[in-house]
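Q: Below is a structure I'd like to ask you about.
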Amino acid sequence: MLEEQGWVKRTPVQGDRRAKNVIITEKGLELIRSSMDAMAEMSEAAVSCLSEEEQEQLRSLNRKLRDHLTDLTSAMRRKD
């Protein structure tokens, strides 16, 4: 579907007939850019009920969770 919409393009991987590289097209990048703007607006609206201090606490907790998940996934990859 992404390829049909022109958002990505598949190209063969040299030396492996089974594999394909998926490349984001300019149209796909534009979709991402416009989506990011809309998501940022929604995010601002969602936290508008919080004080500045609460918003900073939320950002801090999100960073902590992100870092923890990154560590967990790295540990899982090392096991494989």
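Q: List the pairs whose first member sits in the stretch 11-33 and is in contact (Cβ under 8 Å) with a residue 24 or more places away in the chain, whose second member is assigned to a strand (DSSP E or B) and surrounded by 11 or more Cβ atoms within 10 Å (Cβ to Cβ), and whose Cβ atoms are under 8 Å apart, counting only residues at least 6 apart or on separate chains?
A: If the second residue must be assigned to a strand (DSSP E or B) and surrounded by 11 or more Cβ atoms within 10 Å (Cβ to Cβ), the pairs left are Gly28/Val8.
Q: Go through (1) in contact with a strand residue (DSSP E or B) (Cβ under 6 Å, 6 or more places away or on another chain); (2) modelled with pLDDT of 95 or more and name the single condition Val13 misses.
A: (2)
Q: Same structure again: How many of the residues in the stretch 12-61 are outside any helix (DSSP H, G or I) and not small (Gly, Ala, Ser)?
A: Within the stretch 12-61, residues that are outside any helix (DSSP H, G or I) and not small (Gly, Ala, Ser) number 14.
The values are calculated or read from the model by the stated rules, or taken from the named source; none is laboratory data. From a predicted model like this one, the values you see are computed outputs, not experimental measurements. Cβ coordinates were reconstructed from backbone atoms using ideal geometry, including for glycine residues, and neighbour counts include every protein chain displayed.
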